[in-house]
Amino acid sequence: FPVTIASSWKWKESMRRGLLAIIALYCSVHSTAIKAQPINVEDGNDLLELCARGSDTRQQSCPAYIMGWIRGFHNGFEVASSFAEASKVKLPSLVCLPETVKSAQMIDVVLDYLLRNPAKRHQDAGFLVLDAMLEAFPCR
């Protein structure tokens, strides 16, 4: 009886290992066939290409890039303001977004800025996003 249990366990273990090897081989073969190319956005030209002339997958990344930069600037300003307030200094707001502004509108503002300023598109994409927001939504 103990020999049967041990041999049965060894058979199940070898089957489990074989099945895992087949699954791993299947996943490695199929994952290499569908790997997406990385998206590299460094300047305004890259950003405009991503948003305007890219494939459907790349165009879906466009709003994420732009909104990521806008949120990053906002969060960075909030952190800097907190440190400044602790030192009894008030930082002036640079961008004042209306309460009703939508994400799609901010994306349109950035793309419009890139199209109207081709001479600046060689500059860093993040700074161009900030420039677009400063121009469209200045604090008065």
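The values are calculated or read from the model by the stated rules, or taken from the named source; none is laboratory data. Being a predicted model, the structure only gives us computed values, none of them experimental. Methodologically, a virtual Cβ is constructed for each residue, glycine included, from the backbone with ideal geometry; neighbour enumeration extends over all protein chains shown. What goes into the accessible areas is simple: the full protein's heavy atoms, side chains included, and nothing from ligands, DNA or RNA. Shrake-Rupley method; radii C 1.70, N 1.55, O 1.52, S 1.80 Å.
Overview of values
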item: Residue under evaluation Val129, criteria (1) in contact with a Pro (Cβ under 8 Å, 6 or more places away or on another chain); (2) under 22 Å from Ile39 (Cβ atoms), criterion not met; result: (1)
item: Single residue of the range 56-76 satisfying the filter (closer than 20 Å to Ala132 by Cβ and of a type in the set (Val, Ile, Thr)) that is most open to solvent (accessible area, probe 1.4 Å); result: Ile70
item: Those residues of the range 99-123 which are in a helix (DSSP H, G or I), over 15 Å from Tyr65 (Cβ atoms) and free of Cβ contacts under 8 Å to residues at least 40 places away in the same chain, in sequence order; result: Gln105, Asp112, Arg116, Pro118, Ala119
item: Which listed residue, of Val79, Val89, Val95, is open to solvent by less than 70 Å² (accessible area, probe 1.4 Å) and of a type in the set (A, V, I, L, M); result: Val95
item: Test for Val79: is it in a loop (DSSP other than H, G, I, E, B), closer than 30 Å to Pro92 by Cβ and modelled with pLDDT under 90; result: no
